[in-house]
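Read the structure below first, then the notes.
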Amino acid sequence: MATVQFNDSAYEGQPSETVLDTLLRHGEEANYSCRKGSCLNCMMQAVEGAVPEKAQAGLRDTLRAQGYFLSCLCRPESDISVVQGEDAALYQRAVILSRELLAPDICRVVLEPATPLYYHAGQFLNLRRRNGLSRSYSLACVPNLDRYLEFHIKRLAGGQMSNWVFDEMQVGESVDIQGPNGCCFYLPGDPGQGLLMIGNGTGLAPLAAIARDALNDGHNGPIRLYHGSRAEGGLYLQDRLLDLAAANANFSYTGCLSGAAPPPGHARGRAEEVAFGEIPDLAGWRVYLCGNPPMVEGAKKRAFLAGADLKEIYADAFELKELRAAPRPAPA
């Protein structure tokens, strides 16, 4: 069993235990969120000892060369000494330019980074408050089309960050940002390929950005976007997406309601049910899935069974750290 050195203390790890598990078990305040290697909030730096290759998957070459790794994925094979990552290597400052409600429980936040950020539409950033609280949010903007960074943040009961955004965030103050992260974005090279996009809640944010990015790149294959909610109020951005559909014959948007009977122009049922019902054969299609984990995981399996290549299924499940121990509501 390997020993983890951290904050002048040495902790003996248990078999198959990650560095993060070891530190949390001994009461250390270590940063983390999803615990699946997706959000990158748990990134640390090894100053001594070897880091398994898996623990550095997805990191930039410059970070890997400096010994950075994801503590939630790192199961050290020998003793290791670690520290929290240096802010200068991971974060930069951004100013809050505006905030507005897109729906009663969804806030649009626009940021200007201190230095230009190179990203793909659909990726996500980690946002950190002055007190150190950090959460991951998908970008709702498109490089070359949008000047600033945009996020759609949903208020969650008990959500520390989301409630701060709604109740206390002020225009003009600053936050730290880390990223971009994630591989759920448009890939040029096959402009005639069909693109299926399924999301619920603020999973719409990255999908709408990916659709705009693809159209801006000249994609001429069908782009089908399905967005689900229980109530009509959760289907935000409808006017913008309908305008986008009117301007692009190969793009369509379908708002799906799983609660009460939908008004004209909407589909009844969950977004994934409607989408797979209308497009049962996904051979040759690329699929994007964003939203709550049960929907994303279930839709990923259904897309594969419908003929989509696993390498053509891009998923971004929205894990909720502060609500991890509480039962999640049924998918919208």
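How would you classify the range 195-323 from its alpha-carbon gyration tensor, with a ≥ b ≥ c the square roots of the eigenvalues: rounded for a/c under 1.5, else prolate if a/b is greater than b/c, otherwise oblate?
In terms of gyration-tensor shape, rounded.
Scan the range 119-169 for trypsin sites (Lys or Arg not before Pro) in coil per DSSP, keeping those whose Cβ has at most 15 other Cβ atoms within 10 Å, and list them by number. Show your work: numbers first, answer last.
Numbers: sites: 128, 129, 130, 135, 147, 154, 155; in loops: 129, 130, 147, 155.
Of the trypsin sites (Lys or Arg not before Pro), the ones in loops of the range 119-169 whose Cβ has at most 15 other Cβ atoms within 10 Å are 130, 147.
If I build a Gaussian network model for the chain, linking alpha-carbon pairs within less than 10 angstrom, which residue out of 81, 71, 38 has the largest mean-square fluctuation?
81
When DSSP assigns beta bridges and you keep just the ones with both residues in the chain, what percent turn out antiparallel, to the nearest 5?
Numbers: 38 of 65 bridges.
Restricted to the chain, the bridges split so that about 60 percent are antiparallel.
Just one of [x] 1.01; [y] 0.98; [z] 0.94 is Rg/Rh (Cα atoms, Kirkwood Rh) as worked out from the coordinates here. Which one is it?
Matching the structure shown: [y].
Along each of its three principal axes, how wide is the spread of alpha-carbon positions in the range 3-88, in whole angstrom units, largest first?
30, 25, 25
Starting from the amide H of residue 2, placed 1.01 Å from N in the peptide plane, find each other amide H under 5 Å away whose residue is 5 or more places distant or on another chain.
13
Return a whole-number percent for the relative contact order of the chain, with Cα pairs under 8 Å and 6 or more residues apart as the contact set.
Across the chain, relative contact order equals 13 percent.
Show that you can apply the helix-only estimate: for the chain, add -39,500 (n - 2.57) for every DSSP H stretch of four or more residues, divide by all residues, and state [θ] at 222 nm to the nearest 500. If you can, show how the numbers build up before the last one.
Details: 8 runs with 68 residues, N = 332.
That comes out to -5500 deg cm²/dmol.
Could you run the Karplus curve 6.51 cos²θ - 1.76 cosθ + 1.60 with θ = phi - 60° over the range 16-28 and give me ³J(HN,Hα) per residue in whole Hz, x for Gly and Pro?
My calculation for the range 16-28 gives 6, 7, 7, 4, 4, 4, 4, 5, 5, 4, 9, x, 7 Hz in order.
Identify all lysines with a Cα-Cα distance to residue 36 below 21 Å; exclude those on the same chain that are fewer than 8 residues away in sequence.
Residue 36 reaches 54, 300, 301, 311, 321.
List the trypsin sites (Lys or Arg not before Pro) in the range 1-93 that DSSP assigns to loop (not H, G, I, E or B) and whose Cβ has at most 16 other Cβ atoms within 10 Å. Which are they? Mind dumping the intermediate values first?
On the way: sites: 25, 35, 36, 54, 60, 64, 93; in loops: 35, 36, 60.
In loop regions of the range 1-93 (DSSP not H, G, I, E or B), the sparsely surrounded trypsin sites (Lys or Arg not before Pro) are 36, 60.
With a point put 7 Å past each Cα toward its Cβ, work out how far residue 62 is from residue 14 in nm, to one decimal.
Placing both labels 7 Å along Cα→Cβ, they lie 3.9 nm apart.
Coordinate-derived values only; no laboratory data. Since the structure is predicted, the reported quantities are computational estimates derived from the model, not experimental observations. Using ideal geometry, Cβ is built from the backbone for each residue, glycine included, and neighbour counts are taken over all protein chains shown.
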